[in-house]
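*Asks:* Below is the structure I would like to discuss, written out as structure tokens.
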Amino acid sequence: MKFDYSSAEQAPRRSAHRIVLITALCGVGVAALMSRETSANRHVPDSATAPMVLDADNAAQYDESIQSALADSIAVPQASEWITVSVKSGESLSNIFDSQGLPPDEWMALLKLGGDTLELKRLKAGEEIKIRKEGDQLQELSYALDELRTLNVRRVDDQFEAVTLTAEVEHRQARATGTITSSLFNDGNKAGLTDRMVMEMAEIFGYDVDFALDLRQGDRFAVVYEELYKNGKRMRFGDILAAEFVNQGKTYRAVRNVGADGRVAYYTPEGQSLRKAFIRTPLDVCRISSPFDLHRRHPILNTIRAHKGVDYAAASGTPIKAVGDAKVSFVGLKNGFGRVVVLQHGSQYETLYAHMSAFRSGLSVGQRVAQGQVIGYVGMSGLATAPHLHFEFHIGGNVVNPVTVAMPRANPISGSELAKFKLSSKAMVAALDQADARQQNAMATPALGGSAAPVTAAP
Ligand SMILES: [Zn+2]
């Protein structure tokens, strides 16, 4: 893409060339001084870095040209100043160029480069654009596309060149330890954990520790986590790599694993799952309107009929979640049950969800669903007096009460993945042991409470 720059183009072009010239001459200058010291009267071979041959005769002339080049470099600034423009609400690139005295063909030419420069069409209030201009010509522009990528545009002769630079992120390992004195969040924050990390820790151990009921003063925790650094500066916290929670004297440990399918889960250092294979209720907000009862009088049929599930009253349209990883084995109508979904969890377990107002769109038999994934919505299809979910839990073909049945653990890590996991888990256990030891020491001294301490840098 060529542009027609008429009268205004000379100045910046000359200055650009001048910078190059100065750089070159300085190089020669060093070479000249060195060769004069070592061999004042002999010719430096033509192959030397200096483009001109140096000898005593033209050395003085050289001095002069170097002097003038250096003087030039002092008189003419190498580049104009960078200006940081903060984008105001509703402002576009053309507004910004306008207010900077840059003509429209500048931003038009820039956007014609396409690629990442098109992101400049979607500026948001509060973002920053850095520009360097000379007269009414843009020389350079820099814009952070996200926390890692920066778009750099510069003028090369009469064209613009755009390049996107991606900063390298360094992952450092850190750890935090604390003792519960007031609340999980207070003491977590005191130890240097963010609210998000405290929540993640609670989720990791949520199947074993009821943080609302079981938490006690004197409970302890240790978290090994990642901190992400960009250009030597901490950008943000990363993932929790391992964690320990000591609840009422019982120690729970968790190590992060990324499965072959990319799924992240936490396991005991031995590779056992920390989560249950099933969540107990398929609804977030509900109350039990009719319990599991094998001798119940049916509200509509008015006969004694076993109630082989649990009824959860909830507003029509409330999302229903799969209680475990499963394969869909039935989607459709089943007489009095109305719209029904049946999920098959491995060979032994089956769950049934009835009276739905609608299925999740696209749900079909044979599909895989993950624990917590929405499969449909509460309704009153079939025989029902009010919107509710009728939920059944079958083990080996028998119905059981989902509220009281002992839930099995999710599958452990197995096969070749286990060997790999045990390697990384070993390092994590060592890190947790270290954190423990440090905490014991801290508790032996009068100063009690949390501390966050960086550990070694990890690749
Ligand atoms: Zn029911």
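Read-outs throughout are calculated quantities, based only on the coordinates presented, and are distinct from any laboratory measurement. It should be emphasised that the depicted structure is a prediction, and the values quoted were computed from it without experimental measurement. In this analysis, Cβ positions are derived from the backbone assuming ideal geometry, glycine residues included, and neighbour counts consider all displayed protein chains.
*Asks:* With only Lys, Arg, Asp and Glu charged, each at its Cβ (+1 for the first two, -1 for the last two), find how big the charge dipole of region 138-257 is about the Cα centre; round to the nearest 20 debye.
*Replies:* I would put it at about 420 debye.
*Asks:* In debye, nearest 20, what is the charge dipole magnitude of region 287-400 about its Cα centre with +1 on Lys and Arg Cβ and -1 on Asp and Glu Cβ, if you could check?
*Replies:* So the magnitude is around 120 debye.
*Asks:* On to the next question. In straight Cα distance, which lysines are under 22 Å from Lys124, not counting same-chain residues fewer than 8 positions off?
*Replies:* Within the straight-line cut-off, Lys124 pairs with Lys88, Lys112.
*Asks:* Okay, moving on. Going by amide H atoms built from the backbone, whose H comes under 5 Å of the H on His307, apart from near neighbours?
*Replies:* The answer is Asp293, Leu294, His295, Arg296.
*Asks:* Among the aspartates and glutamates, which have Cα under 20 Å from the Cα of Lys133 when same-chain residues fewer than 8 positions away are ignored?
*Replies:* List returned: Asp4, Glu9, Glu81, Glu91, Asp98, Asp105, Glu106, Asp157, Asp158, Glu161.
*Asks:* Residue by residue, what Karplus-based ³J(HN,Hα) values in Hz, rounded to whole numbers, does region 433-439 have, using 6.51, -1.76 and 1.60 with θ = phi - 60° and x for Gly and Pro?
*Replies:* Whole-Hz 3J(HN,Hα) from phi for region 433-439: 4, 4, 4, 4, 4, 4, 5.
*Asks:* Turning to a different aspect of this structure: Express the relative contact order of region 82-166 as a whole percentage, based on alpha carbon pairs under 8 Å and six or more residues apart in sequence.
*Replies:* 27
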